[in-house]
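Everything below concerns the one structure shown next.
The values are calculated or read from the model by the stated rules, or taken from the named source; none is laboratory data. Model, not experiment: these values are computed from the prediction. All Cβ positions, even for glycine, are placed from backbone atoms using ideal geometry, and neighbour counts span all protein chains on display.
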Amino acid sequence: MSDIHTMNLADFDLNLLRVLDALFIEQSVGRAAARLRLSQPATSNALARLRAALGDPLFVRGLQGMVPTPRALALRGPLTLALRQLQEALVPPEAFAPERASRTFVLAASDHAQLLVLPQLAAQLAHYPGLKLRVVPLPRDFPTPELEAGELDLVLGVFDLSPGDQAPRGLRRQVLVREHFVLVGRAGHPALRKPERLDLSLPQLHVSPRGGTEGRFERKAKLRRNVVLFTPHYLVAPWVLAGTGLIAALPERVALRFAEAFPLTVVPVPLPHEPLRVQQLWHPHRQEDPAHRWLREQVLAAARASPSGERLPLKPRR
């Protein structure tokens, strides 16, 4: 295909390549026309245009029909391969069959998102022995290159809370759940018996996944809490809260997961606040991939199956 590569493709009618391919196969203008469902004059005209564009007769009459010239023979292999690859690319992808698939999906997720998604997602994937899941920590810098390269399938977490924590524009995203905060302390904590009278001077634990010392609530409400323990991980919170007098404001679904396994009291935050948006993000080039679409559906279903405190009454839940 070197002749075509060196010419200006903007001036070349790519439909002529189908005619050239048919002539290779049929070695007859009439049969090539029938194959392409064109008239014979139209096919003859296309051959004339090919000859003019490539500066070669391409086919000459022989005893067995139209015989390709050496220039045409040099074009045949690359042309056939290019047309077949284009045809395969245009065929709609097959539906993803998880029961027959063998694949490892890779997610980068915060521990918050992992707590929401993994218990149910693992149960869903257990039905498909050929599917595996690998979860890596969410790096401090958003892993756009890994998404572009296909090294990551999805990124899960809460983003856009502060100027230094923005998810890049141009990625596809979906909100999995919206999380309100709840107050959590050890079972029977006296401060949580009447949460509407909460004293912000009580010693508190604050989870800051990005390592900051101020939460979104403080910035918005201009209030100050007496935070005596900062940690970047939610997973340490239930151990600390169950064994001390500290309290914490945690996302509702995370708190309810903890309360299933630890002696904790959970009540709503009595002050109005914006919910957190836990999202899944992916690169646009994966949008129509059947396997990737299936994975996104499973992640969404798993997140929304996690326990919700949306109707949690304003009284202690133990």
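The table for this structure:
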quantity: Strands (runs of 3 or more DSSP E) fully within the stretch 197-297 counting 3 or more residues that are closer than 28 Å to Asp153 by Cα and modelled with pLDDT of 90 or more; calculated: 276-282
quantity: Total residues in the stretch 92-117, condition free of Cβ contacts under 8 Å to residues at least 60 places away in the same chain and small (Gly, Ala, Ser); calculated: 4
quantity: Residue within the stretch 89-101 that is out of contact with any helix residue (DSSP H, G or I) (no Cβ under 8 Å at 6 or more places or on another chain) and surrounded by 14 or more Cβ atoms within 10 Å (Cβ to Cβ) present; calculated: no
